[in-house]
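Just so it is clear, none of the values below were taken in a lab; they were calculated from the coordinates. Bear in mind the structure is a predicted one, so any value in this text is a computation, not a measurement. Glycine also receives a Cβ, built like all others from the backbone with ideal geometry; neighbour counts cover every protein chain displayed.
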Amino acid sequence: MASEALRAEALIVEVLGPGLVRVGLANGYRLLAHTTKRSRVLDGRLVVGNRLTVEMSPFDLSVSRIIGELENNLAK
C-alpha cells in the first residue's frame, strides 16, 4: 500500500543555495525544501519571507519538495 504525500503551507526562513531553502511550518517545525526540475523557474523567486506549498513524505518529515508559490509573496 502506497502512502500519499503530506502537503502544507510553509514560510521561507533561509535561502541555502540554488533550489534549496529552509522553511518553517505553522507549528514551528523547520525543514529543508528543494525545487523539482520542472519548477526551477522558482529559483529566482526564492526569497526569505515568501510563502510556499511543500510536499513531504510521511516516512521522512525533515525534507520536502516545493510544489508552488502562494499569493501575496514579496518577490513577483
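Quick look at the numbers
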item: Added length on full extension, which subtracts the Cα-Cα distance from 0.36 nm per residue, Leu61 to Ala26; result: 11.2 nm
item: Listed peptides 48-55, 24-31 by packing density, highest first (mean Cβ within 10 Å); result: 48-55, 24-31
item: Calculated diffusion of the stretch 6-69, Stokes-Einstein form, Kirkwood radius summed over Cα pairs, 20 °C and 1.002 mPa s, µm²/s; result: 190 µm²/s
